[in-house]
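Structure, as structure tokens:
The values are calculated or read from the model by the stated rules, or taken from the named source; none is laboratory data. Every value quoted in this text rests on a predicted model; they were computed, and no experiment measured them. Here Cβ is always computed from backbone atoms with ideal geometry, including for glycine, and neighbour counts include all displayed protein chains. Surface accessibility is based on the protein's heavy atoms, side chains included, excluding ligands, DNA and RNA. Shrake-Rupley method; radii C 1.70, N 1.55, O 1.52, S 1.80 Å.
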Amino acid sequence: MQAFSFVSGSAAPLLIPNIDTDTIVRVEVISRSPEELGPCAFEVLRYLPGGAENPDFVLNQPQFRGAPILLAGPNFGCGSSRERAVWALLGIGIRCIVAPSFGDIFLANCYRNGLLPVVLSEENIKELASQANAEASFKADLVTLTISTSTGSVFTFEVDERRRQTLLQGLDEIEMTLKDTATIEAWQTRDRAARPWVWQPPTALV
Amino acid sequence: MHKTLFDKVWYAHLIRDLGDEWALVHIDRHLLHDLSGPLALEELERRGLSVRNPELSVATPDHAISSEPGRTGMTLEKGGRLWRALKERTRTSGVRFFELGTPGHGIVHVMAPELGLVLPGTTLVCGDSHTCTNGGLGALAFGIGTSDVAHVLATQTLRLRKPKSMRVRFEGRLGRCVSSKDLMLDLIARFGTSAGTGCAIEYGGSTIEAMDVEARLTLCNLSIELGANMAMIAPDETTFSWLQGRPFAPSGSQFDRAVAYWQGLNSDPDAIFDREEYVDASEVPPTITWGTSPEHAIGVDGIIPHPREVHGSPAGKALEAALSYMGLEPGRPIAGTKVDYVFIGSCANSRLSDLRVAAGLVRGRRVAGGVRAWVVAGSENVKRDAEAEGLDRIFTEAGFEWREPSCSMCSAVNGERVPPRARSISTSNRNFVGRQGPEARTHIASPATAAAAAVTGFITDPRAL
Ligand code: SF4
């Protein structure tokens with residue numbers, strides 16, 4: 001996984017509540033590989049029905065094109081579990097999303113892919129959004145746990161310490177868990193005796 | 001003592017406490033489907049790893065396959081590639097694959113409980129957000145992303161942080177034509193789509209106790225629309241007798257032993273929840289969504305709300321955008337709105353009991369002119385059972401299309417779409433922008449409300465039929 005310590009650059013405000021993963025990436029893009037999903041991000045907002053770019057969409061505006069930080073509304077990433085939503089956001093260069101709340105599965109998917117989700121209050125995000133323009137530069141820093149702007153605002157945020165370390169070091173969860181193989185083995189052996197009904201029928205029928 | 005149902009299942013699966021509320025948790029059941037399975041199996045191969053416990057996973061193609069009568073796995077080109085990839089990769093890794101047209105195949109959250117693969121007190125995951133459905137049987141079931149699917153395949157575990165707890169108690173008898181679908185739409189409208197975020201929810205109360213298992217599955221299905229990735233109902237005699245005799249459920253003395261264990265799966269009387277809510281279920285009307293979020297729901301006899309209260313704010317703009325997307329005017333009754341499509345299907349409402357309710361309303365009536373109406377059974381077994389009862393004939397004689405088990409028009413990934421700006425009443429669970437196809441206008445409702453709309457051609461209160 002790509003490690004994350006900080007990201008700086010412009011911040012694009014997209015404060016609509018309940019941006020779901022269908023809006024982030026349409027489900028039909030099943031044949032594209034994770035690396036090819038950038039052009040599919042926010043398709044329904046980004047393009048007009050004829051296929052031309054929608055000039056009103058924030059990430060199409062020159063000052064926010066390629067912004068690494070997204071300022072978002074509550075419940076960002078609700079809906080389906082598709083990890084493609086995170087891959088599509090990474091594909092257009094977003095590395096940090098600031099929102100009052102996130103969909104649970106989306107949140108987990110962010111951490112698996114080195115995209116930093118930051119929870120701030122709606123007021124703080126509105127304040128940040130009011131400063132988002134062509135000149136302003138933002139920095140999201142996982143070391144100091146702050147979001148700061150070139151105009152002097154600083155907001156601190158919290159991240160679960162285990163998740164923070166995983167992101168900072170770019171740790172791979174599968175590799176970490178595989179170190180526990182013997183413990184898993186022992187647990188399963190005990191469980192086979194304690195709850196045989198969980199194990200027997202599927203084994204018998206396979 | 002003081003333990004919730006969730007706590008009991010959580011601690012029973014703890015392989016290692018990782019500290020700070022984190023744990024390495026055993027996963028007893030893993031469901032794979034055509035969208036989430038192939039990529040994760042490929043990732044495992046890339047890492048040179050094999051599936052640790054293939055006997056604890058099953059696979060079913062459901063999302064990207066056609067529902068057209070006579071379909072095969074290859075009917076659709078894109079979906080066919082996923083169908084084949086899932087079939088081939090599960091074969092080489094030893095995971096059981098349920099083929100189209102064979103008993104057991106179906107939408108993942110319909111076939112798994114139906115086969116007895118989902119058992120009380122087990123942990124169950126699937127690369128799909130509606131995995132919470134399976135909590136209706138007392139399993140700790142939740143959706144995960146592709147990376148976690150690979151993690152489970154490789155290790156049969158997940159590294160998880162213990163969620164917060166929430167209980168919703170429903171008391172009272174449901175009104176006529178009111179189902180667990182209406183109850184949940186009403187709940188989501190009341191509390192909002194992020195009320196359950198970060199929580200494992202438990203549903204209880206006299207309303208739930210009186211509910212059959214299929215209604216409980218529907219109730220839990222919509223929990224992710226309340227923000228909760230996990231939802232559970234304590235297993236009881238209704239659960240045990242429903243499970244008995246199902247192909248993958250334990251049998252004989254194993255069943256008795258399992259029931260003895262399952263009987264201990266409920267929250268202690270003094271259990272403490274982070275949040276508790278109470279709902280008078282007897283007051284909930286048949287409910288339908290008007291907008292583009294499941295929280296945009298009102299009674300089917302209600303008035304389309306006005307966004308003026310929140311005018312100017314991002315939330316107000318979102319409401320205005322929802323109204324304009326849906327082509328609706330605020331301040332008018334939602335009943336009487338003309339519909340073009342009716343879809344009875346999806347993992348929310350495609351079980352036998354759902355089809356019976358819809359058929360009961362459709363019997364002896366005709367689909368209204370200009371309406372295209374589909375019934376898509378959730379599994380091969382549901383389809384066969386429905387045909388044995390003659391439900392298929394009731395639908396087809398009325399002018400419905402009777403199609404093959406698949407997710408179909410729920411998410412339109414298989415190309416079965418509602419056309420731009422056409423209005424659809426759907427028994428599925430999501431009315432997001434473009435969910436049933438670009439610019440499609442989706443109203444989520446129960447099978448009774450959907451059937452009523454099919455025969456009248458308008459959004460209709462099913463109690464009036
Ligand atoms: S029926 Fe719809 S909600 Fe259910 S699994 Fe299929 S696509 Fe998802």
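A compact table of results
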{"read-out": "From the C-alpha gyration tensor of region B:5-275, square roots of 5λ in Å", "value": "29, 22, 19"}
{"read-out": "Sites B:GLU209 and A:LEU171, calculated FRET efficiency, Cβ-Cβ separation with R0 30 Å, nearest 0.05", "value": "0.10"}
{"read-out": "Descending semi-axes in whole angstrom, ellipsoid equivalent of region B:60-107, from the Cα gyration tensor", "value": "17, 13, 7"}
{"read-out": "Accessible-area ranking of A:LYS126, B:LYS162, largest first, probe 1.4 Å", "value": "A:LYS126, B:LYS162"}
{"read-out": "With all protein chains modelled, accessible area of B:ASP236 [1.4 Å, Å²]", "value": "40"}
{"read-out": "Centre separation in Å (Cα based) which lies between region A:130-187 and region A:54-100", "value": "17"}
{"read-out": "Buried accessible area, chains A and B (both chains, 1.4 Å probe, Å² to nearest 100)", "value": "5800"}
{"read-out": "Relative intensity, log₁₀ I(q)/I(0), of region A:159-200 from a Debye sum that treats every alpha carbon as a point, q = 0.18, 0.19, 0.21, 0.25 Å⁻¹", "value": "-0.65, -0.68, -0.71, -0.81"}
{"read-out": "Calculated log₁₀ intensity ratio I(q)/I(0) where the Debye formula runs over C-alpha points of region B:90-201, q = 0.10, 0.11 Å⁻¹", "value": "-0.39, -0.47"}
{"read-out": "For B:ARG16, residues with placed amide H under 5 Å, excluding near neighbours", "value": "B:LEU24"}
{"read-out": "Cα-based equivalent ellipsoid, region B:287-464: semi-axes from gyration tensor eigenvalues, Å", "value": "29, 17, 13"}
{"read-out": "Modelled label reach - B:GLU21, point 7 Å along Cα→Cβ, region B:148-164 residues with backbone N closer than 14 Å", "value": "B:160-164"}
{"read-out": "Point-to-point label distance, B:TYR278-B:LEU465, nm (Cα→Cβ direction, 7 Å offset)", "value": "3.6"}
{"read-out": "B:MET230 long-range amide H proximity, modeled H, under 5 Å", "value": "B:ILE201"}
{"read-out": "Computed over region B:24-154, Kirkwood Rh from alpha-carbon pairs, angstrom", "value": "14.6"}
{"read-out": "Cα point-scatterer Debye curve for region B:28-86, base-10 log of I(q)/I(0) at q = 0.12, 0.21, 0.26 Å⁻¹", "value": "-0.32, -0.81, -1.04"}
{"read-out": "Residues whose placed amide H lies under 5 Å from that of B:TRP290, excluding near-sequence neighbours", "value": "B:ALA297, B:ILE298"}
{"read-out": "For A:GLY114, net neighbour charge (Lys/Arg +1, Asp/Glu -1) across residues whose Cβ lies under 13 Å away", "value": "+1"}
{"read-out": "Within chain B, helix-based [θ] at 222 nm, where runs of 4 or more DSSP H residues each add -39,500 (n - 2.57), nearest 500", "value": "-9000 deg cm²/dmol"}
{"read-out": "Calculated over chain B: convex hull of Cα atoms, volume per residue (Å³)", "value": "145"}
{"read-out": "For region B:205-216, 3J(HN,Hα) per residue [Karplus equation, 6.51 cos²θ - 1.76 cosθ + 1.60, θ = phi - 60°, Hz, x = Gly/Pro]", "value": "x, 5, 5, 6, 4, 7, 7, 6, 4, 5, 5, 5"}
{"read-out": "Spacing of the two label points (7 Å from each Cα toward its C-beta) at A:ALA3 and A:ARG192, in nm", "value": "4.1"}
{"read-out": "Pairwise centroid distance, computed over Cα atoms, of region B:386-465 with region B:64-108, Å", "value": "23"}
{"read-out": "Whole-number D in µm²/s for region A:37-83 (Stokes-Einstein; Kirkwood sum over Cα pairs; 25 °C, 0.890 mPa s)", "value": "201"}
{"read-out": "List B:ARG89, B:ARG372, ordered by accessible area with a 1.4 Å probe, largest first", "value": "B:ARG372, B:ARG89"}
{"read-out": "Apportionment of accessible area to carbon and sulfur, chain B, percent (1.4 Å)", "value": "49"}
{"read-out": "Bridge type composition, the protein assembly as shown - antiparallel percent by DSSP, nearest 5", "value": "35"}
{"read-out": "Nitroxide proxy distance, nm - points 7 Å out along Cα→Cβ at A:SER150 and B:GLU320", "value": "3.2"}
{"read-out": "Value of Rg to Rh for the protein assembly as shown (Rh from inverse mean 1/r over Cα pairs, i.e. Kirkwood)", "value": "0.95"}
{"read-out": "Per-residue HN-Hα couplings for region A:63-72 [Karplus 6.51, -1.76, 1.60; θ = phi - 60°; Hz; x = Gly/Pro]", "value": "6, 10, 4, x, 4, x, 10, 10, 9, 10"}
{"read-out": "Nearby lysines by direct alpha-carbon distance to B:LYS162 (threshold 20 angstrom, same-chain neighbours under 8 apart not counted)", "value": "B:LYS3, B:LYS8"}
{"read-out": "Isotropic mean projected area of the C-alpha convex hull, chain A (nm²)", "value": "14.7"}
